[in-house]
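What follows is a short report on a single structure.
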Amino acid sequence: MSEKHTPVLRESATFDRLTIQEIQRAAETGIYDIRGGGTKRKLPHFDDLLLLGASVSRYPLEGYREKCGTDVVLGTRFAKKPIHLKIPVTIAGMSFGALSANAKEALGRGASIAGTSTTTGDGGMTPEERGQSQHLVYQYLPSRYGMNPDDLRKADAIEIVLGQGAKPGGGGMLLGMKVTERVAGMRTLPVGVDQRSACRHPDWTGPDDLAIKIAELREITDWEKPIYVKIGASRPYYDVKLAVKAGADVIVLDGMQGGTAATQEVFIEHVGIPILPAIPQAVQALQEMGMHRKVQLIVSGGIRNGADVAKAMALGADAVAIGTAALVALGDNHPRLDDELKKIGSAAGYYDDWQNGRDPAGITTQDPELSKRLDPVEAGRRLANYLRVLVLEAQTMARACGKSHLHNLDPEDLVALTVEAAAMARVPLAGTSWIPGQGY
Amino acid sequence: MKTIDLSSASVRDLNQALHGDVQDREWVVTHPAGKHNLAVGVNQAVSIDINGHAGYYCAGMNQKASVTVHGNVGVGVAENMMSGTVRVKGSASQAAGATAHGGLLVIEGDAGARCGISMKGVDIVVGGSIGHMSCFMAQAGRLVVCGDAGDALGDSLYETRIYVRGEVKSLGSDCIEKEMRAEHLEELQELLNRAGFDADPASFKRYGSARTLYNFKVDNASAY
C-alpha cells in the first residue's frame with residue numbers, strides 16, 4: 001500500500017502571492033495602485049549602521065549629568081532672521097487637504113511644545129497651523145495652490161519644493177474624495193475634482209532660473225526669511241551643488257523612505273534612493289563648496305527613533321525632519337482602531353489608504369465627523385512626547401560617543417554592518433578599517 | 001513723483017522703498033536694463049512706471065499696485081499676482097501671469113509659451129499672439145488673445161475661460177471650443193474695455209474645459 005504524501009506548497013520568489021495579487025488587481029481595474037505612506041520593502045537604512053560607544057580610546061560623557069546640546073540654527077547664510085530651534089528634529093511638510101485641520105493644528109502644537117518647526121504643504125497655510133506653530137516653514141510648491149504673499153510674510157522660513165523622497169520627479173494628487181469645500185476653496189478648484197499637483201514649477205526651467213526665483217522670494221520678504229530648497233533624493237551630489245549655487249540657505253534632502261499622501265505604489269517603491277546613501281553625497285557636495293554647516297542640511301525619509309537621528313547627524317546632517325512618524329505619534333494606525341480599520345479592508349499597523357480620506361484616526365481625512373475624533377491638544381501632546389524621546393535617545397548615544405552636542409557626532413562614530421551600507425554611508429565595515437571604494 | 005534710477009540704485013533699494021512706508025503714490029523706475037525681480041511683492045495702491053525692459057518676475061506677487069512696463073518683460077511677469085494691474089507695452093516671455101490669483105495683466109505685444117500657466121483667477125489680455133501650452137492646467141480666471149495661439153492651448157484646463165480671435169494651432173487635452181453666448185460677449189467686451197483694446201467680441205471664439213479629466217478614469221488614459 002503506497003503512503004500518501006501531502007505536497008509542500010512552494011511560493012515563487014519572483015511571482016510571490018503579493019505579486020500575483022497585484023497582477024490580478026491590475027488586470028481587473030486597468031489602473032495602477034495608488035496609496036499613501038512610504039516604501040514597504042526593506043531598503044538600506046540607518047539600521048545597517050552602528051554607533052561606536054566610547055571605552056578606552058574615547059571618553060564618554062555622563063548620561064543625564066553632562067550637557068549634550070541639541071539646538072540648531074537654520075538659515076545663517078543670507079537670511080536676516082535665521083530660525084533657532086531647540087531640537088534638531090523638525091516636522092516635514094504635509095498639506096492641509098492630505099491632513100485634517102485638526103491634524104495640522106496638532107502638528108503645530110506638538111512642534112511648538114518641543115521647540116521646533118512645522119511645515120505647511122500643498123494647498124497653503126491654515127490659520128490653525130500658523131496660530132499654533134511657533135516656527136512655521138511655508139512651502140512654495142510647483143502647484144502654488146493657495147500661495148499668496150501675505151502668507152509668505154507670515155512665515156518664518158520658505159521652503160521651495162523641487163521634489164519629495166517618495167516621488168522625485170513626480171507630481172502630487174489629491175483625489176476628489178478628499179476635496180471638500182474648504183480644500184477646494186483654498187486651491188481655487190471645484191469641489192470633488194482630483195487635484196493634480198504639477199511635478200515642476202510653472203515659471204522656471206532649471207537651476208539658473210532657480211537662482212532668480214530664490215532672489216525674487218528674498219526680495220518679496222526683504223531678505224528676512226531663510227530660503228530652504230527641498231530635493232527628493234536621486235542625484236543629491238549634483239542637486240545640492242546646484243541648489244547651493246542658486247543661493248539656498250538650507251537644503252532639505254528627502255530619501256525614498258519618505259512618505260506621501262497619495263501616489264503610485266510603483267513610484268513609491270522604485271524611484272529615488274534611500275536616505276542612507278544620499279546623505280554622504282550631499283555632505284560631500286557641501287564640503288567641496290566650503291558650505292558644510294554654512295548651508296544647513298535637513299534630512300528626512302524614514303526617521304523613526306533617536307538612533308536614526310544620531311546616525312543622520314553623524315553622517316553630516318544639521319537636523320532631521322519627520323513626517324510619517326509624526327502622524328503615528330498623533331495616533332495614526334493605533335491598535336485601538338483595529339476593528340474599524342478591518343472594516344475598510346486594513347488593520348492597525350498596515351493602513352496606508354490615506355488617499356481615500358477614510359482614516360478612522362481623523363488624521364488623513366477631510367471627513368468632518370472623522371476629523372473631529374482627533375483632539376489637537378491631546379495629539380499635540382503625544383507628538384511633543386515623541387519628539388522629546390527622539391532627542392533624549394539621540395543625546396544618550398551622543399554622550400556615549402563622548403559628544404557634548406549632537407552636531408559633534410561625525411562619521412568616525414559610525415561603522416557599517418554590511419559591505420553595502422559601508423559603501424553607501426562611506427564608513428568602515430564593522431571590525432575593519434575598510435570603506436568600500438576608498439581602499440584600506 | 002518718486003524716481004529710482006537703477007543705473008545707480010540696486011533692485012534691493014527699489015523693492016525696499018516700495019515695501020516701506022510709502023508716501024509717494026507715483027513711482028518711475030529708469031534704466032531697468034532687463035534686471036530681474038523689479039517691483040516684486042508690492043502691497044500698496046501705487047502707480048509704478050518702468051521705463052525700459054524688465055527681466056524675470058517683474059511685478060511678481062503684485063497686490064494693489066498698477067505697474068506699467070514701457071518695454072518688454074522676461075519670464076513670469078506678474079507671477080502669482082493677487083490684485084492690481086500690470087501692463088506690458090511690449091512683449092512678454094514665457095509663463096506670463098503664471099499662477100496669478102487676481103488682478104489684470106495686459107500684454108500689448110505678444111506673449112511666449114505657457115502664458116497663463118496654472119492661472120488661478122487672474123484676467124490676462126494679450127494684444128498679440130501667445131505661444132504653445134498656454135493656460136496649461138489653468139484653474140480660474142479669463143485669458144483673452146487678440147492674435148493667434150500656439151499648440152496645445154488649454155491643456156488639462158480646469159475652469160479658466162479662454163477667448164481667441166485668431167488661429168489656434170491646436171487644442172490640448174480636454175480643451176474644447178464652446179458656444180459664445182450673450183454673457184460671454186458681454187464678459188469679453190468688458191475685458192477688452194478694461195485692457196483698452198478696440199476689438200469686436202463677436203470675432204472671438206471661446207474655449208474651455210470639457211471636464212472629462214476632472215476625475216481619473218482609465219478609459220481616458222491616452223489623454224493624460
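Proximity of backbone amide H atoms, modeled 1.01 Å from N, is registered between B:Val168 and B:Ala149 at under 5 Å, excluding neighbours fewer than 5 places apart on the same chain. Pairing the Cα long axis of helix B:182-195 with the longest principal axis of chain B, what angle in degrees results, from 0 to 90 and rounded to the nearest 10? The two axes meet at around 20 degrees. In terms of Cα to Cα distance under 20 Å, which lysines are near enough to A:Lys343, apart from those fewer than 8 places away along the same chain? Once the sequence-local lysines are set aside, what remains near A:Lys343 is A:Lys178, A:Lys372. Once you reduce region B:55-133 and region A:235-311 to the center of their Cα atoms, the two points are 35 Å from each other. When shorter helices are ignored and each DSSP H run of at least 4 residues is given -39500 (n - 2.57), the per-residue value for chain A at 222 nm works out to -10000 deg cm²/dmol.
Please identify the chymotrypsin sites (Phe, Trp or Tyr not before Pro) of region A:43-129 that satisfy two criteria: DSSP loop assignment and at most 11 other Cβ atoms within 10 Å. Which are they? Qualifying residues, ordered by number: A:Tyr64.
Of all DSSP bridge pairs formed entirely within chain B, close to 15 percent run antiparallel. Judged by the gyration tensor of its Cα atoms, with axes a ≥ b ≥ c, region A:16-173 is oblate; a/c meets the 1.5 cut and b/c is at least as large as a/b.
Here's the list of lysines a cross-link from A:Lys225 could span, going by alpha-carbon distance under 26 Å and ignoring same-chain residues fewer than 8 apart: A:Lys80, A:Lys81, A:Lys86, A:Lys104, A:Lys154, A:Lys213, A:Lys241, A:Lys245, A:Lys294, B:Lys35, B:Lys64, B:Lys120. Computed about the Cα centre, the dipole magnitude for the protein assembly as shown is approximately 1080 debye when only Lys and Arg (+1) and Asp and Glu (-1) carry charge, each at its Cβ.
Computed over protein heavy atoms with a 1.4 Å probe, the carbon and sulfur contribution to the accessible area of the protein assembly as shown reaches 52%.
Every Cα-Cα pair of region B:1-73 was included, and the share exceeding 14 Å stands at 51 percent. So what's the gap between the Cα centers of region A:100-118 and region A:402-440, to the nearest angstrom? Centre-to-centre distance over Cα atoms comes out at 35 Å. The listed residues A:Arg196, A:Arg218 rank as A:Arg196, A:Arg218 when sorted by accessible area, largest first, using a 1.4 Å probe. Here's how it looks for B:Val67: its modeled amide H is under 5 Å from those of B:Ile48, B:Thr85, B:Val86, B:Arg87, which are all 5 or more places away or on a different chain. Computed on the protein assembly as shown, the Cα convex hull volume stands at 199 Å³ per residue. In this view, the solvent-accessible surface of A:Arg373, computed with a 1.4 Å probe and all protein chains in place, comes to about 120 Å². These residues, B:Val164, A:Val73, go from largest to smallest accessible area, 1.4 Å probe, as A:Val73, B:Val164. Residue by residue, region A:35-50 carries 3J(HN,Hα) couplings of 7, x, x, x, 4, 10, 7, 6, 10, x, 8, 4, 4, 7, 10, 10 Hz when phi is fed to the Karplus relation 6.51 cos²θ - 1.76 cosθ + 1.60 (θ = phi - 60°); x denotes Gly or Pro. What is the interface area between chains A and B, defined as buried accessible area summed over both chains with a 1.4 Å probe, reported in Å² to the nearest 100? Using a 1.4 Å probe, the pair buries roughly 3200 Å².
Which FRET efficiency value, to the nearest 0.05, is calculated for B:Arg181 and A:Leu9 with the Förster distance at 60 angstrom and r the Cβ-Cβ distance? Plugging the Cβ-Cβ distance into 1/(1 + (r/R0)^6) gives 0.35.
Solvent exposure of region A:41-425 amounts to 35 Å² per residue of accessible area, where only protein heavy atoms count and the probe is 1.4 Å.
Take the alpha carbon gyration tensor of region A:1-85, find the square roots of its eigenvalues, order them as a ≥ b ≥ c, and report rounded if a/c is under 1.5; if not, report prolate when a/b exceeds b/c, else oblate. Oblate, because a/c is 1.5 or more while a/b does not exceed b/c. Scalar couplings 3J(HN,Hα) for region B:98-113, obtained by applying the Karplus form with A = 6.51, B = -1.76, C = 1.60 to θ = phi - 60°, are 4, 6, 5, 8, x, x, 10, 10, 10, 10, 6, x, 9, 10, x, 4 Hz; x denotes Gly and Pro.
Surface calculation, 1.4 Å probe, protein heavy atoms: A:Arg382 sits at approximately 70 Å² accessible.
Taking the DSSP beta bridges with both ends in chain A, the antiparallel portion is around 30 percent. Helical runs (DSSP H, four residues minimum) scored at -39500 (n - 2.57) apiece and divided by the length of chain B put the mean residue ellipticity at 222 nm at -3000 deg cm²/dmol. What the phi angles of region B:204-221 give under the Karplus curve with 6.51, -1.76 and 1.60, with θ = phi - 60°, is a coupling list of 9, 10, 10, 10, x, 7, 7, 6, 7, 9, 5, 10, 4, 10, 4, 5, 9, 3 Hz, glycine and proline written as x. Semi-axes of the equivalent ellipsoid of chain B are 32, 17, 15 Å, computed as sqrt(5λ) over the eigenvalues of the C-alpha gyration tensor in descending order.
Taking a ≥ b ≥ c as the square roots of the eigenvalues of the alpha-carbon gyration tensor, region A:249-368 is classed prolate because a/c is 1.5 or more and a/b outweighs b/c.
Give me log10 I(q)/I(0) at q = 0.16 Å⁻¹ for region B:91-223, Debye formula, one equal scatterer per alpha-carbon, no solvent. Each listed q corresponds, in turn, to -0.68. Take A:Ser433: with every protein chain present and a 1.4 Å probe, its accessible area is about 90 Å². Residues of region A:170-199 that bury at least 20 Å² of accessible area once all protein chains are present, compared with their chain alone (1.4 Å probe, heavy atoms only, ligands and nucleic acids left out), are A:Thr188, A:Leu189, A:Pro190, A:Val193, A:Asp194, A:Arg196, A:Ala198.
Using a 10 Å cut-off around each Cβ of peptide B:13-21, what is the average number of partner chain Cβ atoms that fall inside?
On the way: counts 0, 1, 6, 3, 0, 1, 5, 1, 0.
Partner-chain Cβ atoms within 10 Å, mean over residues of B:13-21: 2.
Using the 1.4 Å probe convention, the accessible area of region B:1-73 works out to 39 Å² per residue with neighbouring protein chains retained. Hull volume per residue, based on the alpha-carbon atoms of region A:41-425 and their convex hull, is 131 Å³.
Inter-part distance, region B:166-224 to region A:141-208, computed on C-alpha centroids, equals 24 Å. Backbone amide hydrogens, once placed in the peptide plane, bring B:Val73 within less than 5 Å of B:Ala54, B:Ser91, B:Ala92, B:Ser93, excluding anything fewer than 5 places away on its chain.
The values are calculated or read from the model by the stated rules, or taken from the named source; none is laboratory data. Note that the structure is a prediction, hence the values are computed from the model and not measured. Using ideal geometry, Cβ is built from the backbone for each residue, glycine included, and neighbour counts are taken over all protein chains shown. To get the accessible areas, we keep the full protein, side chains included, count just its heavy atoms, and leave off ligands, DNA and RNA. Shrake-Rupley method; radii C 1.70, N 1.55, O 1.52, S 1.80 Å.
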